[in-house]
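Chemist: Just dropping this structure here.
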Amino acid sequence: MGLSTVQKAFFPLRSLEGVVQLFEAELRRDEPDLPLLSLVLGYMEHFLAVNRVLPTNVPGVTFETVLGPDPACPTYFPVLDLSILEALYARFTAQIRGAVDLSLYPRVGGVSSRELVKRVSDIIWNSLSRSYFKDRAHIQSLFSFITGTKLDSSGVAFAVVAACQVLGLPDVHLALSEDHAWVVFGAEGEQTAEVTWHGKGNEDRRGQTVDAGVAERSWLYLKGCYLRCDRQMEVAFMVCAINPSIDLHTDSLELLQLQQKLLWVLYDLGH
């Protein structure tokens with residue numbers, strides 16, 4: 001599974017409108033490509049907020065000049081070429097496929113097993129840097145995972161779902177509460193599995209069901225009334241996770257505009 005001809009036709013991305021058009025096209029599909037969209041958003045966030053300078057020594061990275069109301073103060077949009085996106089995409093998909101032998105995890109009735117979901121979460125978990133501040137900003141996307149081996153808590157859960165999509169496991173989806181994320185799977189999404197940490201870390205709980213927390217009426221699992229996502233809702237999750245902050249006092253206007261435009265696309269398409 002690689003990028004299709006239709007997906008490749010959107011590149012290079014030279015403007016906010018180009019990103020919006022890509023998202024709209026993906027949202028009209030039954031299975032929006034989560035790795036593709038997360039890499040695109042992560043790339044934009046990196047150059048519009050994390051590293052907001054014009055790099056002169058990064059091969060293949062160029063910027064498009066965008067004139068604003070004041071011609072003397074133009075802005076610059078990071079152009080995302082197909083070659084860069086394909087390299088990032090191929091690295092993620094190769095990493096996942098190379099580490100999972102699906103023949104070892106039979107899918108009875110086309111349903112994923114707990115052992116398979118746990119194996120995928122192990123791959124993501126073991127690929128992360130061992131020491132970094134896990135609540136820092138801008139580490140929620142697959143771009144951060146591929147280029148910096150860093151993810152925040154909900155980013156790990158999203159990465160597991162994206163990896164399962166790469167493996168052709170359509171029953172694995174994201175589950176969200178106010179302060180935690182895990183995955184659901186099964187024919188009707190009736191199975192649950194922890195795949196990330198909460199608070200200071202719950203490494204030993206990965207792969208376990210959340211049923212105990214639900215039975216205890218824990219606030220962390222909203223007494224069982226948590227959000228079970230479909231693919232379009234998972235796209236909405238990554239859009240809501242865009243972090244426009246450049247520093248404590250400044251936000252990226254371009255990222256704020258992109259987030260607003262994408263939220264309107266989601267709304268207009270009924271998501």
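The values are calculated or read from the model by the stated rules, or taken from the named source; none is laboratory data. Owing to the predicted nature of the structure, the values given are computational and were not obtained by experimental measurement. Cβ coordinates were reconstructed from backbone atoms using ideal geometry, including for glycine residues, and neighbour counts include every protein chain displayed. Remember, those area values only see protein heavy atoms, side chains included, never the ligands or the DNA or RNA. Shrake-Rupley method; radii C 1.70, N 1.55, O 1.52, S 1.80 Å.
Chemist: Restricting to the range 107-118, name every residue that is closer than 15 Å to Ala187 by Cβ and not β-branched (Val, Ile, Thr).
Modeler: Scanning the range 107-118 gives Arg107, Gly109, Gly110, Ser112, Ser113, Arg114, Leu116.
Chemist: Taking the range 145-165 as the region of interest, how many residues are open to solvent by 10 Å² or more (accessible area, probe 1.4 Å) and at pLDDT 95 or above?
Modeler: Adding up the residues that qualify gives 1.
Chemist: Of the residues in the range 170-208, how many are without any contact (Cβ under 8 Å) to a residue 40 or more places away in the chain, surrounded by fewer than 21 Cβ atoms within 10 Å (Cβ to Cβ) and not in a helix (DSSP H, G or I)?
Modeler: Qualifying residue count for the region: 8.
Chemist: Among (1) crowded, with 16+ Cβ neighbours inside 10 Å; (2) at pLDDT 80 or above; (3) within 19 Å of the chain's Cα centre (by Cα), there is one condition Val79 misses while meeting the rest; what is its number?
Modeler: Condition not satisfied by Val79: (3).
Chemist: Separate question: Can you give me the ranges of the helices (runs of 4 or more DSSP H) entirely in the range 1-51 with at least 3 residues that are open to solvent by less than 50 Å² (accessible area, probe 1.4 Å) and free of Cβ contacts under 8 Å to residues at least 40 places away in the same chain?
Modeler: Of the helices (runs of 4 or more DSSP H) lying wholly inside the range 1-51, those with at least 3 residues that are open to solvent by less than 50 Å² (accessible area, probe 1.4 Å) and free of Cβ contacts under 8 Å to residues at least 40 places away in the same chain span 16-27.
Chemist: A follow-up question, please. Report the residue count in the range 242-256 for those that are closer than 24 Å to Gln165 by Cβ and either modelled with pLDDT of 95 or more or not in a loop (DSSP other than H, G, I, E, B) (or both).
Modeler: Matching residues across the range 242-256 total 1.
Chemist: Select from the range 142-162 the residues that are in a helix (DSSP H, G or I) and over 16 Å from Arg206 (Cα atoms) and list them in ascending order.
Modeler: Within the range 142-162, Leu142, Phe143, Ser144, Phe145, Ile146, Thr147, Gly148, Ala162 meet the criteria.
Chemist: Condition (residue is in contact with a helix residue (DSSP H, G or I) (Cβ under 6 Å, 6 or more places away or on another chain), open to solvent by 30 Å² or more (accessible area, probe 1.4 Å) and closer than 18 Å to Phe237 by Cα) applied to the range 129-139: is it met by at least one residue?
Modeler: yes
Chemist: I would also like to ask the following. Would you check if Leu176 is in contact with a helix residue (DSSP H, G or I) (Cβ under 6 Å, 6 or more places away or on another chain) and of a type outside the set (Val, Ile, Thr)?
Modeler: For Leu176, the condition - in contact with a helix residue (DSSP H, G or I) (Cβ under 6 Å, 6 or more places away or on another chain) and of a type outside the set (Val, Ile, Thr) - is not met.
Chemist: I would also like to ask the following. Go through the range 258-271 and give me each residue that's touching a residue at least 40 places away in the same chain (Cβ under 8 Å) and surrounded by fewer than 14 Cβ atoms within 10 Å (Cβ to Cβ).
Modeler: Scanning the range 258-271 gives a single hit, Leu269.
Chemist: May I ask you to say which residue of Cys225, Cys240 is surrounded by fewer than 18 Cβ atoms within 10 Å (Cβ to Cβ), closer than 27 Å to Arg28 by Cβ and out of contact with any strand residue (DSSP E or B) (no Cβ under 8 Å at 6 or more places or on another chain)?
Modeler: Checking each option against the conditions leaves just Cys240.
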